[in-house]
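Colleague: Please read through the structure below; I'll follow up with questions.
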Amino acid sequence: MHPDPIQRWLNSNDINLNIQRILHRYHTAALGGPLPAAIPLTNVRHILNTSCGPGDWAIDIARTYPLIHVTGIDANEEEIQHARLNAQLCQVSERVTFQHMPVGRSLAFADNTFDLIHTKPIQQLHPARWPFILQELIRVLRPGGWLNVVAHEWGVTSSDALNHLTLLANHAASLSLYRLGLLAERPASGYEPGVGPFLYQFLIEGGLIDVSYTIHAVDLGAFSKQGARIYTEAILLFLAHFKSLVCELELVDEYTYDSLLRTARKDMLYQPGSCGFAYLFSAHGRKSV
Amino acid sequence: MQQIDPEAITMAQVAGLRIRHYLISREMKGLLPPTLPSERFQRVLNVACGNGFWALDFARLYPKKHVIGIDTRERLLQIAREDARVSGLKNIRFEHFQLNASLPYSDRRFDLIENEQSTTLIFPYMWPDLLREQMRVLKPGGWIHMVAFEFGPTSSPGVNRFMQMLREAYAREIHAEKSAKVYNSAATLYADLLYKAGCQHVEYQLYPMDLGNQYSTIGHDHLKYTILTYPAVSVFLLPHKVASAEDIEATRCAALSEIERMDFCGAGMVISAFGQKP
């Protein structure tokens, strides 16, 4: 690695990180801000951000609110390093710390530590595993503190090829969970929603109070809308990552997958009438005092 | 379009159409996209008007403008005419038409053509012909507006499976192959269809919609009525053999009880697209 952090930053060419950063920007715009308006930030001193990725959310918060400390955790060591670098470059590293820590297991924090927790689901986790994760998050949340979870769900688009790709990626993800023994039943070939629509139920079952949610549209009309263009490019790169998994599971062959990617790209970026959307579910609730 | 037996239209369906219309106009905060010059529209045509909720609302809102609603289903038109009579509206008319025939109007007659569909049984492959006819009867500078509703993911396995059946039947209908699984919503194609019909200034707007039990009952009611009025889509679900009649019925019952859970959550999207005739 290059000794100069800025050079290291410029040299880094990790597509996955860039995708995450683009998704973060666009999702925050679709949500209307980093946190739901219903969550007050008075008396919030310390925030936990799980699945923080390259740290954009944590850094955004630290830059906007100069009295708040944020702890970001992620299972990916490399992303944590990028997040630290990112915080240094934004000159907030005194108030933002990042730790390498997987969710899905016990968190290395004491009970009632954080005033607020913001998280997003991880692709590799099936909705059925969420109640345990939430239980752990609620444990480290102080009484009266808010928990906010944001989840992305696929919608539909004007491109048959893109709809097919999202279906394949969705199916491949649930099939691989089944193979790992994390799903009892072999998933049917149709679309299987992620955790998004279950968040409301899970937060209530987790014992939180004042539970509520909002639903947001992420516009994928890449021809007519500038922001959507970059986002759709990122989505296509994200789907390109699924090729090996989809082909390994023999859902389609590589040639078919590649041609679907090409067609989806053409449909969404070069067709004047391209249209499409994804959903964002943002759910929040408060730990009772 | 699969012809529905007019007698099969139930009051539940009529109520479902009313909820659908209120849902769409509430989300759009009006009957038309805010950027359209509504004041300039003198003659308005509402295609596939169903029982005429959109047309009646428009006629009430603008007593000086003339609205014609057309539909293939005489039973629904009777309800619409009765509503117009009771409301004392003189600026509205409902007429019967055949979907595959040309529109019974002269060229360049209307300022606005509204397609707030009261049916989901107009498939993408039917639109080019329908829009060609609509462009013919539209004045230069007139607008076409198309709006539809799309169901998204929910926390009810029954609802998800029911929607999956509808999508599969839909995919089979539009792809004309029995193995087709990929669903393409008609609504996301509206902008493209308007471009291809020769419109300019084509745009679309998205309005995300809560179908859950949280605050609003209208999205939730819309979902409920869609599942309840399933006999109307049975003419569509069964011929495509996506599932057996018993399976469909069991799924429908599961869905109807699951959406009554107090922690039920679900999403949908209103898609509104519009374009102008050059």
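Every number in this text was worked out from the coordinates using simple rules, so none of it is lab data. This one's a predicted model, so the numbers in the text were calculated from it and none came from an experiment. Methodologically, a virtual Cβ is constructed for each residue, glycine included, from the backbone with ideal geometry; neighbour enumeration extends over all protein chains shown.
Colleague: Run the reach check for A:Lys287 against lysines, Cα to Cα strictly under 26 Å, same-chain hits fewer than 8 apart removed. What comes back?
Modeller: Once the sequence-local lysines are set aside, what remains near A:Lys287 is A:Lys120.
Colleague: Could I ask something else about it? Which one of B:Leu23, B:Leu61, B:Leu36 has the biggest mean-square fluctuation once chain B is modelled by GNM with Cα springs under 10 Å?
Modeller: Of the options given, B:Leu61 has the highest mean-square fluctuation.
Colleague: If you don't mind, there's one more thing I want to ask. Assigning unit charges at the beta carbon (Lys, Arg +1; Asp, Glu -1) and nothing else, what dipole magnitude in debye, to the nearest 20, does chain B show about its Cα centre?
Modeller: Using only the charged Cβ atoms, the result is roughly 920 debye.
Colleague: Given a Förster distance of 25 Å, report the FRET efficiency between A:Ile15 and A:Thr64 from their Cβ-Cβ distance, rounded to the nearest 0.05.
Modeller: 0.35
Colleague: Highest mean first, how do A:108-116, B:64-72 rank when packing is the count of other Cβ atoms within 10 Å averaged over residues?
Modeller: Peptide ranking by packing, descending: B:64-72, A:108-116.
Colleague: Right, here's the next one. Any idea what the dipole of the range B:41-167 comes to, in debye rounded to 20, about its Cα centre with Lys/Arg Cβ at +1 and Asp/Glu Cβ at -1?
Modeller: The calculated dipole for the range B:41-167 is roughly 300 debye.
Colleague: Taking other Cβ within 10 Å of each residue's Cβ, how do B:Ile144, A:Ile68 sort, fewest first?
Modeller: So the ranking, lowest neighbour count to highest, is A:Ile68, B:Ile144.
Colleague: Can I ask one more? Just tell me how shielded A:209-217 is by partners: mean number of partner chain Cβ atoms within 10 Å of each residue's Cβ, no decimals.
Modeller: Other-chain Cβ atoms within 10 Å of each residue's Cβ, averaged: 4.
Colleague: Take the Cα of B:Met11, step 7 Å along the line toward its Cβ, and report every residue of the range B:202-225 whose backbone nitrogen sits under 17 Å from that point.
Modeller: Residues B:225 fall inside that zone.
Colleague: Just checking the output field for A:262-273: average partner chain Cβ neighbours within 10 Å of each residue's Cβ?
Modeller: Counting Cβ atoms of other protein chains within 10 Å of each residue's Cβ and averaging gives 2.
Colleague: Let me ask something else. Using 26 Å as the Cα-Cα cut-off, could you pick out the over-long pairs in B:Lys196/B:Lys241; B:Lys64/B:Lys277; A:Lys225/B:Lys29; B:Lys65/B:Lys196?
Modeller: B:Lys196/B:Lys241; B:Lys65/B:Lys196
Colleague: Of A:Glu78, A:Glu233, A:Glu250, which has the largest mean-square fluctuation in a 10 Å C-alpha GNM of chain A?
Modeller: In the Gaussian network model the winner is A:Glu250.
Colleague: Right, another one. Among B:Glu82, B:Glu246, what is the fewest-to-most ranking by other Cβ atoms within 10 Å?
Modeller: B:Glu246, B:Glu82
Colleague: Still on this structure, please answer the following. For B:Cys49, enumerate residues with amide H under 5 Å from its amide H, sequence gap 5+ or separate chain, H modeled in the peptide plane.
Modeller: B:Ile70, B:Asp71
Colleague: Where a ≥ b ≥ c are the square roots of the eigenvalues of the C-alpha gyration tensor, would you call the range B:142-278 rounded, which needs a/c under 1.5, or, failing that, prolate if a/b is larger than b/c, or oblate?
Modeller: Oblate, because a/c is 1.5 or more while a/b does not exceed b/c.
Colleague: Using the Karplus curve 6.51 cos²θ - 1.76 cosθ + 1.60 with θ = phi - 60°, work out ³J(HN,Hα) for each residue of the range A:26-34 in order, rounded to whole Hz, and write x for Gly and Pro.
Modeller: Karplus-based 3J(HN,Hα) across the range A:26-34 equals 5, 5, 4, 5, 5, 7, x, x, x Hz.
Colleague: What is the sum of charges, Lys and Arg at +1 and Asp and Glu at -1, for the other residues whose Cβ falls under 12 Å from the Cβ of B:Cys49?
Modeller: Combined, the nearby Lys, Arg, Asp and Glu give -3.
Colleague: How far, in nm, would the chain grow between A:Glu248 and A:Gln81 when pulled straight, counting 0.36 nm per residue and subtracting the alpha carbon separation?
Modeller: Additional length available on full extension: 57.1 nm.
Colleague: Further, regarding this structure: Compute the label zone of A:Ile204 within the range A:124-154: residues whose backbone N is under 18 Å from the point 7 Å along Cα-to-Cβ.
Modeller: Within reach of a label on A:Ile204: A:128, A:130-132, A:134-135, A:147-149.
Colleague: Let me confirm one metric for peptide B:191-202, namely the mean number of other chain beta-carbon atoms within 10 Å of its residues' beta-carbons.
Modeller: Average neighbour count from other chains, rounded to a whole number: 3.
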